[in-house]
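J.: A single structure is presented below for examination.
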Amino acid sequence: MSWEMALEYLRTLIWPAVVLTLGFTFRKQLASLFGRVESVETPLGTVAFEKQADAVAQEAAEIESEMAGQLAAAETTQPEVEDTETPETPGGGPQQITQPQAASSDFSDLFELAETETTAAVMAAWREVERALKGAGSKHGIGRISSQALANMGLLSDDLARSVEDLRHLRNRVVHEGDILLTKSGARSYITAAQRIVEALELSQDPRFQALQFERSVVDALSRAGLPAEPGYRDDEFDAYGQTPAGTTIAVEIRFRRQGVLQMRDIEKVLSKLPSLGINVLVVTNAPLSAEVREFNRTHDTRPRCEVVQWQGDEDTSLLARAIGRMAG
């Protein structure tokens, strides 16, 4: 073997030897460095997190604006809300609908916190969302608070519920998955999204909006239960009308209550109409039924029929289906 070939072999082998030597010497420092690199996402992922948070904030703001518009339109229709203290204006006219005031949570502190502790700021912002959800659910006796539970009861729009879940997912990426290098800008975007959602949740607690949302949810549930229904006009006698596949027409009276149980006196007005009606009437409420109302359901068999059903979500749709079946029979 010539000396030129030997030199070439030496050049080829020397760098792997140097790398192995350095790797053995600084193995602890390199292990720590690689651990940090594996826990940090690429800048592209960081940008994606911020854009997702911005998208949630924009969607929540649009939902809030739409809710305010619905409430403003409801001023001329006044959906019935029982057992609710509704303040009146000095002139006795309808209460003016305005955009919600600043959220009860002080998000300005969280924006300041984001300048030094981005992860802590995100966690604190999510806790404000959870607090708003708990406040909404506790008014209706929901034990396990979640956006989906509120949506199932018709007390929260599906769009707002999805925004809450999107924000939950982003929070989990920061806290549990650890695949985000959270920047100040990303934390501020998340806090803005949380603030918009809390404001929308607070607006969703307006009893008139909840009554509107409950009515829409009941009409949708009636269709799933076998009674395709259309909302009635506010000057109609009933809130909705539907026809079964067998051709039986059913009028629907929807009673939303913020508290208490549905008493027999609450449906006396409906009963007074029955003799002059040629159609059956289904009363749907979110409130528990009093013993007197339950007894009425068991014993009332005159025509046209009237039956009262408590509906609090998809799990109660089967109750609607059975009531519709009895009325169609």
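J.: Right, residue 165: within 20 Å of the chain's Cα centre (by Cα) and open to solvent by 30 Å² or more (accessible area, probe 1.4 Å) or not?
T.: yes
J.: Would you check which residues across region 113-132 are more than 23 Å from residue 200 (Cα to Cα), assigned to a loop (DSSP other than H, G, I, E, B) and either touching a residue at least 40 places away in the same chain (Cβ under 8 Å) or among the basic types (Lys, Arg) (or both) and list them?
T.: Passing the criteria: only 115.
J.: So is residue 192 surrounded by fewer than 23 Cβ atoms within 10 Å (Cβ to Cβ), touching a helix residue (DSSP H, G or I) at 6+ places or on another chain (Cβ under 7 Å), modelled with pLDDT of 85 or more and under 28 Å from residue 71 (Cβ atoms) or not?
T.: When the stated conditions are applied, residue 192 passes them.
J.: Among all residue pairs at least 6 apart or on different chains, which show Cβ distances below 7 Å where the first residue, located in region 54-69, is within 16 Å of residue 107 (Cβ to Cβ) and the second is modelled with pLDDT of 85 or more and of a type in the set (A, V, I, L, M)?
T.: 56/167; 56/193; 57/193; 60/193; 60/197; 60/200; 64/200
J.: Taking residue 199 as the residue in question, decide whether it is assigned to a helix (DSSP H, G or I), among the acidic types (Asp, Glu) and open to solvent by 30 Å² or more (accessible area, probe 1.4 Å).
T.: no
J.: If a residue must be within 31 Å of the chain's Cα centre (by Cα) and of a type in the set (Gly, Ala, Ser), how many such residues does region 238-286 contain?
T.: Adding up the residues that qualify gives 4.
J.: Just checking, does region 214-222 include any residue being open to solvent by 10 Å² or more (accessible area, probe 1.4 Å), modelled with pLDDT of 90 or more and under 25 Å from the mean Cα position of the chain (by Cα)?
T.: Yes - at least one qualifying residue is present in region 214-222.
J.: Another question, if that's okay. For residue 206, indicate whether it is more than 24 Å from residue 146 (Cβ to Cβ) and either open to solvent by less than 30 Å² (accessible area, probe 1.4 Å) or within 25 Å of the chain's Cα centre (by Cα) (or both).
T.: It is false that residue 206 is more than 24 Å from residue 146 (Cβ to Cβ) and either open to solvent by less than 30 Å² (accessible area, probe 1.4 Å) or within 25 Å of the chain's Cα centre (by Cα) (or both).
J.: Which one of these does residue 205 not meet: (1) over 25 Å from residue 324 (Cα atoms); (2) in a helix (DSSP H, G or I)?
T.: Unmet for residue 205, out of (1) over 25 Å from residue 324 (Cα atoms); (2) in a helix (DSSP H, G or I): (2).
The values are calculated or read from the model by the stated rules, or taken from the named source; none is laboratory data. A quick note: this is a predicted structure, and the numbers were derived from the prediction, not measured. Cβ sites come from the backbone with ideal geometry, for glycine too, and all protein chains shown count toward neighbours. Side chains are part of the model used for accessible areas, which takes the heavy atoms of the whole protein and leaves out ligands, DNA and RNA. Shrake-Rupley method; radii C 1.70, N 1.55, O 1.52, S 1.80 Å.
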